[in-house]
Amino acid sequence: MEMERRSPDVLILGGGLMGLAIAWELAEQGARVQVLGRNLQEAAGRAAAGMLAPEAEGLPPGPFLELALASRQMYGNWVAKLEALTGESVDYWPCGILKPVCGNSPVEDMGPGQSLRPEVEILQPGLGPGVVAAHWYPQDGQVDNRRLVAALDQGCRLRGVALQTGEAHRLVVEDDRVVAVETSAGRMEADQIVLTAGAWCRTLLNIPVFPRKGQMLALRPPQGVSGLGRVVFGRAYLVPRRDGRLVIGATSEDVGFTPGLTPAGLGYLLQEAQWLYPALADWTVEECWWGYRPTTPDELPILGPSPYENLVLATGHYRNGVLLAPITAQLIAEGLVRRRPHPQLAAFRWNRFSAPAP
Ligand code: GLY
């Protein structure tokens with residue numbers, strides 16, 4: 001199919017992982033791109049642990065799992081291209097994910113991919129005695145999402161994307177077009193606009209995206225103690241970075257944008273983490289933080305067209321934004337360049353939540 005040759009003039013509202021990934025992809029294709037973002041510490045792409053876990057997350061079969069598996073498949077090449085451009089490593093690590101059987105799940109019900117204790121011990125020594133068996137997902141993995149956001153920022157700059165700090169206040173609509181955006185940096189206009197403001201999208205558009213808060217922490221092992229070699233995904237998850245730092249997540253709380261850390265939240269994570277890997281009880285707490293996952297009523301993303309002809313949506317990635325960044329960027333950019341939504345995004349349309357006609 002013939003590609004549309006004209007470079008779109010695109011304004012991206014949201015400077016997090018998704019906004020930067022789309023901006024970089026568009027800029028690589030020669031588009032003129034501007035990003036307006038607030039550099040929020042609580043943005044999901046920065047707050048995340050960076051798991052690439054379509055299998056460990058147990059995503060439902062169908063278009064969403066297909067999208068997620070395709071994105072996992074893209075990851076190695078995608079980050080290699082970004083690293084080659086920027087000279088920065090993002091620590092992509094297809095280390096596999098072990099998912100212990102927790103609670104009272106009978107071992108015989110585990111199905112394919114199961115490993116019993118001796119095999120689990122080989123894959124990851126030192127797990128707690130309660131871990132009698134685990135599922136093993138060798139193709140799942142992780143990336144250092146903070147490094148990824150920083151590298152995307154750098155990649156965007158190197159490709160000429162205009163990165164502007166500011167807050168979008170209001171979409172100015174005439175007929176079925178967004179003719180301008182009122183922002184803290186003044187009035188902005190663009191041929192095409194992408195809304196990728198994560199859990200904050202609703203301040204601009206009435207779509208059902210709401211925050212689901214996650215509290216997180218990171219530990220550092222004592223000098224000379226090696227960290228884990230796999231992600232371990234129980235009721236809490238343990239994500240080891242290559243330098244030994246261990247990221248532990250995450251709570252899942254429907255508390256709106258309530259900021260802060262709680263004893264209950266951190267207590268839960270620490271208790272579950274010690275159940276999974278008792279040796280970490282003596283490690284140093286290095287950092288604690290929280291963030292807001294952009295969630296939708298069916299927990300699937302909203303991707304593609306919007307109520308307005310020149311506004312495209314890329315939000316609601318919930319627990320899987322880091323994983324879905326490459327494919328979201330590719331398909332959204334392709335839709336913008338061709339000026340036609342990508343058919344693979346049909347299952348994620350914004351108006352799927354409307355009540356059916358009587
Ligand atoms: N992706 C894991 C989480 O959102 O907690």
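Within region 198-270, list the chymotrypsin sites (Phe, Trp or Tyr not before Pro) lying in a DSSP loop whose Cβ has at most 15 other Cβ atoms in a 10 Å radius. Qualifying residues, ordered by number: F257. Spin-label pair Q41-A162: with each label point 7 Å from Cα along the Cα-Cβ axis, the two points sit 3.0 nm from one another. Among E182, E42, the order by Cβ neighbours within 10 angstrom, fewest to most, reads E182, E42. Model label sites at N77 and A347, defined 7 Å from Cα along the beta-carbon direction, differ in position by 2.2 nm. Ordered by the count of other Cβ atoms within 10 Å of each Cβ, fewest first, D282, D9 give D282, D9. When both bridge partners sit in the chain, DSSP labels roughly 70% of those beta bridges antiparallel. Each residue in T196, T284 was given a count of other beta-carbon atoms within 10 angstrom of its own, and listing them fewest first yields T284, T196. In region 304-352, the inverse of the mean reciprocal separation of distinct Cα atoms equals 11.2 Å; this is its Kirkwood hydrodynamic radius. Summary value for the chain: 24 percent relative contact order, contacts being C-alpha pairs under 8 angstrom separated by 6+ residues.
With all projection directions averaged, the alpha carbon convex hull of the chain covers 20.1 nm². Think of each Lys and Arg Cβ as +1 and each Asp and Glu Cβ as -1; about the Cα centre, that makes the dipole of the chain roughly 340 debye. Our estimate of slack between H169 and R338, defined as 0.36 nm per intervening residue step minus the Cα-Cα distance, is 58.0 nm. Where in region 296-329 is the amide nitrogen less than 16 Å from a point lying 7 Å along the Cα-to-Cβ axis of F257? Of the residues in region 296-329, 316 have backbone N under 16 Å from the label point off F257. Pairs of alpha-carbon atoms within less than 8 angstrom and 6+ residues apart define the contacts here; what relative contact order does region 155-288 have, in percent? Relative contact order comes out at 20 percent.
FYI, it's all coordinate maths here, none of it is from the lab. This one's a predicted model, so the numbers in the text were calculated from it and none came from an experiment. Glycine gets a Cβ as well: all are built from the backbone with ideal geometry, and neighbour counts include every protein chain shown.
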